[in-house]
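The values are calculated or read from the model by the stated rules, or taken from the named source; none is laboratory data. As the structure is a prediction and not an experimental result, all values here were calculated from the model. Because the Cβ atoms are built from the backbone with ideal geometry, glycine has one as well, and the counts that use them run over all protein chains shown. Side chains included, ligands, DNA and RNA excluded: accessible areas come from the protein's heavy atoms. Shrake-Rupley method; radii C 1.70, N 1.55, O 1.52, S 1.80 Å.
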Amino acid sequence: MQRLHIVPGQFVVEHLPNATFPEDDEWVALVRAPEGLTVVRDASPFAEVERWVGFYGDAGHGLDVPGMLAALVGPLAEAGVSVFVASTYHADLVLVPEHRLKDATAALRDAGHRVEV
């Protein structure tokens, strides 16, 4: 069981196929891959984009602790909830589509996790 909280705000996940670094510093997470750059940033309240909300663990865990991410994404997959994950050194930021927040919260709680809103 993990204790999770919902991260304040909403996020957008972007793919920049020809970039190696974003042109601004308004990002939360970056992943550079052969097919381009993936950027997670705060969603503008005015943009018409798919919005994501995030779950983040309250208690960090080391890189040598197996199964921490699987314990979160497994129940979400069983509930049919899409995820995008950005891992940090201490924990994982698990993003779900905003319109599936209630489903995701219920799936995580049903799996024994404590979710604080």
Checked against (1) in a strand (DSSP E or B); (2) farther than 14 Å from Asp92 by Cα, Val49 satisfies every condition except (1)
Among the candidates Leu108, Leu69, Leu95, Leu37, residue that is open to solvent by less than 30 Å² (accessible area, probe 1.4 Å) and closer than 14 Å to Gln2 by Cβ: Leu108
Check region 103-113 and report whether any residue there is at pLDDT 95 or above, touching an Asp or Glu at 6+ places or on another chain (Cβ under 9 Å) and either assigned to a strand (DSSP E or B) or among the hydroxyl-bearing types (Ser, Thr, Tyr) (or both). no
Going through (1) open to solvent by less than 60 Å² (accessible area, probe 1.4 Å); (2) in contact (Cβ under 8 Å) with a residue 60 or more places away in the chain one by one, Arg3 fails only at (1)
Does region 6-24 hold any residues that are on the phi < 0 side of the Ramachandran plot, open to solvent by 40 Å² or more (accessible area, probe 1.4 Å) and assigned to a loop (DSSP other than H, G, I, E, B), and which are they? Pro8, Gln10, Pro17, Asn18, Thr20, Phe21, Glu23, Asp24
What is the residue count in region 82-102 for residues that are of a type in the set (Phe, Trp, Tyr) and either part of a strand (DSSP E or B) or without any contact (Cβ under 8 Å) to a residue 12 or more places away in the chain (or both)? 1
How about region 25-34: which of its residues are open to solvent by 60 Å² or more (accessible area, probe 1.4 Å), without any contact (Cβ under 8 Å) to a residue 24 or more places away in the chain and within 28 Å of His99 (Cα to Cα)? Asp25, Glu26, Trp27, Arg32
